[in-house]
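Peer 1: Starting off with a structure, shown below.
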Amino acid sequence: MPLKEEKGLTLVEVLAGIVILSIILLSVGSFFINGTKYSNASEQKLSNAYIANNILNEYKQLSFKELHNCLGEDHLVDIKAILNIPSEEQPALNGLEASLTISEHSLKNRVVILSVEIENRNSDINDHYEMKRYVKSEGAVSPSEGGACSI
């Protein structure tokens, strides 16, 4: 009996092709998923840096004496007020908390450190950002010049 010429693919060849194609598509898909996660994390860090920078610029405008009077105190910062965000855009800031700490530098009465910490409570990423700025005085502030914190 003569053998017939077979045309087409066997079931095993079709299944092997599907398995190979599935592995390739899953690998490529994971790159897209991870890329999206990293992109979102980078966007959030950039946003936090922008917010922290604006907060520090706002507090840096205060006099050195006002800042020095608040050494060691933590202050919750109203992000929406500092950024002058319109009310329709304010929901984007929900879950963000900013705190300002004013601490003493080793040059005691000449430099203070402003430190802003921003946390996103709604993020699934460990989203914590900190930025510092140094503020120097024109002259030394004597301890007797101190007063109550008015920030």
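Each reported figure results from applying straightforward, stated rules to the coordinates on display, with no laboratory input. Just so we're clear, the structure is a prediction, and the values are computed from it rather than from any experiment. Glycine also receives a Cβ, built like all others from the backbone with ideal geometry; neighbour counts cover every protein chain displayed.
Peer 1: Please list, by residue number, every one of the GluC sites (Glu not before Pro) in the range 54-125 that is coil in DSSP and has at most 15 other beta-carbon atoms within 10 Å.
Peer 2: Working: sites: Glu58, Glu66, Glu73, Glu88, Glu89, Glu97, Glu104, Glu117, Glu119; in loops: Glu73.
When the GluC sites (Glu not before Pro) of the range 54-125 are filtered for loop state and at most 15 Cβ neighbours within 10 Å, Glu73 remain.
Peer 1: If you take the square roots of the eigenvalues of the alpha-carbon gyration tensor of the range 43-94 and sort them as a ≥ b ≥ c, do you get rounded (a/c under 1.5), prolate (a/b over b/c) or oblate?
Peer 2: Because a/c hits 1.5 or more and a/b exceeds b/c, the range 43-94 counts as prolate.
Peer 1: How much mean residue ellipticity at 222 nm does the chain get from its helices, if each DSSP H run of length 4 or more adds -39500 (n - 2.57) and you divide by all residues, to the nearest 500 deg cm²/dmol?
Peer 2: -13500 deg cm²/dmol
Peer 1: Using a Förster distance of 30 angstrom, determine the FRET efficiency expected from the C-beta separation of Ser30 and His128, and round it to 0.05.
Peer 2: 0.65
Peer 1: I want to verify a result. In a Gaussian network model of the chain, Cα cutoff 10 Å, which of these has the top mean-square fluctuation: Ala52, Ala81, Ala16?
Peer 2: Taking springs between Cα atoms under 10 Å, the residue moving most is Ala16.
Peer 1: At most 13 other Cβ atoms within 10 Å plus a DSSP loop assignment makes a site exposed; report the longest stretch of the chain without any exposed trypsin sites (Lys or Arg not before Pro).
Peer 2: Longest run free of exposed loop sites: 8-107.
Peer 1: Between the range 8-28 and the range 41-91, what is the separation of their alpha carbon centroids in Å?
Peer 2: Cα centres, the range 8-28 to the range 41-91: 55 Å.
Peer 1: Among residues other than Thr101 whose Cβ falls under 9 Å from its Cβ, what is the net charge (Lys/Arg +1, Asp/Glu -1)?
Peer 2: For residues surrounding Thr101, the net value is -3.
Peer 1: For Cα Rg over 2.2 N^0.38 Å, which listed value, (i) 1.56; (ii) 1.94; (iii) 0.98, comes from the coordinates shown?
Peer 2: Read-out taken from this structure: (ii).
Peer 1: Oh, and also: Quick one: which of Lys80/Lys108; Lys80/Lys136; Lys65/Lys108; Lys45/Lys136 span more than 23 angstrom between C-alpha atoms?
Peer 2: Lys80/Lys108; Lys80/Lys136; Lys45/Lys136
Peer 1: Order by neighbour count: Ile20, Ile55, fewest other Cβ atoms within 10 Å first, most last.
Peer 2: Working: Ile20 10, Ile55 23.
So the ranking, lowest neighbour count to highest, is Ile20, Ile55.
Peer 1: Which one of Val135, Val14, Val28 has the biggest mean-square fluctuation once the chain is modelled by GNM with Cα springs under 10 Å?
Peer 2: In this elastic network of the chain, the residue with the biggest mean-square fluctuation among Val135, Val14, Val28 is Val14.
Peer 1: Which of Asn54, Phe31, Ile118 sits farthest toward the positive end of the charge dipole of the range 11-141, with +1 on the Cβ of Lys and Arg and -1 on the Cβ of Asp and Glu?
Peer 2: It is Asn54.
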